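What follows is a short report on a single structure.
Every number here is computed from the coordinates shown, using simple stated rules; none is lab data. Remember, it's a predicted structure, so these values are computed and weren't measured experimentally. Note that each Cβ is placed from the backbone with ideal geometry, even for glycine, and that neighbours are counted across all protein chains shown.
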Amino acid sequence: MSQHNQFGQPVGVALPDWQPRQHPQRVTLEGRLCRLEPLGMQHADALFAAYQLAEDTRAWTWLLREPDRDVEGYRAWVQSIVELQDPIHFAVVDKQTGQPVGTLALMRIDSKNGVIEVGHVHFSPLLSRTPMSTEAQWLLMRYAFDTLGYRRYEWKCNSLNAPSRRAALRMGFQYEGQFRQALVIKGHNRDTDWFSIIDSEWPEVDRAMQKWLAAENFGPDGKQRTSLESWRQPKN
């Protein structure tokens, strides 16, 4: 409940014990299906090869970058971002094959206020629409909330990117609204949709994800028995 100051004005809930949070580190995060490793040059060739498995370049439409023409170009991009403090890129490594199959990043890191965003999500055909892709997202969420103690975890996407919107809602993010004419990307206007999970919502999101990711939730054919949305309590 919002509190009031001496003038009777609402000033929000008091947070007397709040302290700035630690900046994320280049850590390795272990899951059942995949492992997140700090993106490095050792991943570049295998990642480029994984992205080349796509039938076309539609997965690049919503990314800020154009497709790399060759492996040298992708290596150069990896080299340009591996030492950045924001964003911090991670490679998603398939634990069954030991090969990297996609990347994602923590970005727009505001440790003073405990706010962080997941972005630069680029999953190859070996990762997209698999349980491993959900686990990769969950590992990064768990690091932000449980290890670092952040209060807010954001997801933003082009308003026209329907798959990204569906993914955010499926994982439990709450839609917050649209920033109109937020960016100019590749010569086109971009309206940006904002989604978030806050710390009070995280325990339910976490429980649902753990139940969905459990081995017993998948049949011999690898298909889910119960959807991720079904594991969350219905909203009133």
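Calculate the length of the line joining the C-alpha centroid of region 70-96 to that of region 214-229, in whole Å.
Comparing the Cα centres of region 70-96 and region 214-229, I get a distance of 31 Å.
Test of the criteria: in region 97-167, which trypsin sites (Lys or Arg not before Pro) are in a DSSP loop and have at most 15 other Cβ atoms within 10 angstrom of their Cβ?
LYS112, ARG129
Roughly speaking, what % of Cα-Cα pairs in region 1-117 are separated by over 24 Å, rounded to a whole number?
44
When you count, for each residue, the other Cβ atoms within 10 Å and take the mean per peptide, how do 207-219, 58-70 rank with the highest first?
Packing order, densest peptide first, comes out as 207-219, 58-70.
Can you spot the aspartates and glutamates whose alpha carbon is less than 12 Å from LYS211's alpha carbon? Ignore those fewer than 8 places along the same chain.
Here the aspartates and glutamates satisfying the reach criterion relative to LYS211 are GLU135, GLU229.
Hey, in the GNM for the chain with a 10 angstrom Cα cutoff, which one of PHE123, PHE179, PHE90 fluctuates hardest?
PHE179
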